[in-house]
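One structure below.
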Amino acid sequence: MSIKIAPSILSADFANLQRDIERIATADYVHVDVMDGLFVPNISIGIPVVKSIRPVTGLPLDVHLMIDRPVRYVEQFCDAGADIVTCHVEADSRENILEALSRIHVKGKRAGVVLKPGTSATAVLPFINQVEMILVMTVEPGFGGQKFMADQMKKLGAVRGLIDTMNPQCELEVDGGIDPDTAPAAIEAGANVLVAGSAVYGAENIAARIEALRGA
Ligand code: DX5
Ligand code: ZN
């Protein structure tokens, strides 16, 4: 399986965002971490920034919504230029998360769900036939630069098993503490999209680091 790399611009220099997005031109997706200070204890960027970066890259924008009740905002993120919008299953009722996924699809975009470390693999079951991506967190969402939680690999493998039987086209993304040392375990457990913030933007040679993460 070919591995895709989604650098997180949370680790970019926000005063030089266009430059830092151009620096990841060899990646597959631009991962955009949206935080509201409620669902997670941090605030990052939102709709206007997605709109501003849309014209500066041809890469798909992979927007990770760490916000409470995302159904309120998914359409605005789609209109701003998001290509993939992922919502945490913990952020609202099952019914409202399904509604958020449906609104993303009506906009013609790819939809996904995200699991925090404490959430079990089976939490994807109500959504698995309605998504193009599942994201398994390997840190508590909220901050870049945290340590990879290797104890999530069992769950990652379980989600891979569910995808293979129920929705084989669905992508499996992993996010948090991914670097050239931890990426192989995530790939082995079945991830095909790797998010990396500090490992990409902290590298001397960003293009080489992206290739290293792919296992090239
Ligand atoms: C954490 C974010 C991640 C984060 C990853 O809440 O969802 O995308 O930016 O950063 P690293 O790769 O530094 O763990
Ligand atoms: Zn993220």
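The values are calculated or read from the model by the stated rules, or taken from the named source; none is laboratory data. Nothing here was measured: the structure is a model prediction, and the numbers come from that model. Every residue, glycine among them, receives a Cβ derived from its backbone with ideal geometry; neighbour counts consider all protein chains shown. The area values use the complete protein model at the heavy-atom level, side chains included, leaving out ligands, DNA and RNA. Shrake-Rupley method; radii C 1.70, N 1.55, O 1.52, S 1.80 Å.
For the range 173-216, what is the accessible area per residue in Å², given a 1.4 Å probe and the full set of protein chains?
Numbers: 1710 Å² over 44 residues.
Per residue, the range 173-216 has an accessible area of 39 Å².
Two-decimal Rg/Rh of the range 105-216 from alpha-carbon positions, Kirkwood Rh? Please list the in-between numbers first.
Working: Rg = 14.0 Å, Rh = 14.4 Å.
My calculation puts Rg/Rh at 0.98.
As a test of reading the structure, rank MET153, MET133, MET1, MET166 by solvent-accessible area (1.4 Å probe, protein chains only), most first.
Output order, biggest surface exposure first: MET1, MET166, MET153, MET133.
For the chain, what size does the Cα cloud have along each of its three principal axes, sorted from largest down, in whole Å?
Sorted largest first, the three principal extents are 44, 37, 30 Å.
Spelling out what I want: for every residue of the range 21-30, take phi, set θ = phi - 60°, compute 6.51 cos²θ - 1.76 cosθ + 1.60 (Karplus), and round to whole Hz; glycine and proline get x.
6, 5, 5, 10, 4, 8, 7, 9, 9, 9
Compute a Gaussian network model of the chain, connecting alpha carbons closer than 10 Å, and tell me which residue from GLY157, GLY190, GLY202 fluctuates the most.
GLY202
Expressed in nm to one decimal, what extension gain is obtained for the pair LYS154 and PHE14 from 0.36 nm per residue of sequence separation less their Cα-Cα distance? List each step's numbers first, then the result.
Numbers: separation 140, 0.36 × 140 = 50.40 nm, distance 3.51 nm.
Gain on stretching LYS154 to PHE14: 46.9 nm.
Of LYS147, LYS107, LYS155, which has the most accessible area with a 1.4 Å probe, and how do the rest follow in descending order? Spell out each step's value before the answer.
Working: LYS147 175, LYS107 80, LYS155 25 Å².
Correct descending sequence by accessible area is LYS147, LYS107, LYS155.
At 0.36 nm per residue, and after removing the present C-alpha to C-alpha distance, how many nm does the segment from THR26 to GLU188 gain when stretched out fully?
Working: separation 162, 0.36 × 162 = 58.32 nm, distance 2.28 nm.
Extending this stretch completely gives an extra 56.0 nm.
Just the accessible area for HIS105, please: 1.4 Å probe, Å², rounded to the nearest 10?
About 70 Å², rounded to the nearest 10.
Which percent of the accessible area of the range 52-182 is formed by carbon and sulfur heavy atoms (probe 1.4 angstrom)?
Details: 2610 of 5310 Å².
With neighbouring chains kept in place, the figure for the range 52-182 is 49 percent.
Summing -39500 (n - 2.57) over the DSSP H runs of n ≥ 4 in the chain and dividing by its residue number, what mean residue ellipticity at 222 nm do you reach, to the nearest 500 deg cm²/dmol? Show your work: numbers first, answer last.
Values: 8 runs with 67 residues, N = 216.
Dividing the helical sum by the residues of the chain leaves -8500 deg cm²/dmol.
For the range 22-76, run through the chymotrypsin sites (Phe, Trp or Tyr not before Pro) and keep only the ones in DSSP coil with at most 16 other Cβ atoms within 10 Å of their Cβ.
Values: sites: TYR29, PHE39, TYR73; in loops: TYR29, PHE39, TYR73.
Answer by residue number: there is no such site.
Let me have the relative contact order for the range 48-174, percent, based on Cα pairs under 8 Å that are six or more residues apart. Intermediate values should be presented prior to the final figure.
Working: 205 pairs, mean separation 25.2, N = 127.
Worked out over the range 48-174, it gives 20 percent.
Counting only heavy atoms of the protein chains, get the accessible area per residue of the range 28-172 (1.4 Å probe) and round it to a whole Å² value.
Values: 5990 Å² over 145 residues.
About 41 Å² of surface per residue is accessible.
Over 27 Å between Cα atoms: which of LYS51/LYS109; LYS51/LYS154; LYS107/LYS154; LYS4/LYS147; LYS109/LYS154; LYS4/LYS154 fall into that group? Display every interim value, and only then the final one.
On the way: LYS51/LYS109 15 Å; LYS51/LYS154 37 Å; LYS107/LYS154 34 Å; LYS4/LYS147 21 Å; LYS109/LYS154 30 Å; LYS4/LYS154 21 Å.
Long pairs (Cα-Cα over 27 Å): LYS51/LYS154; LYS107/LYS154; LYS109/LYS154.
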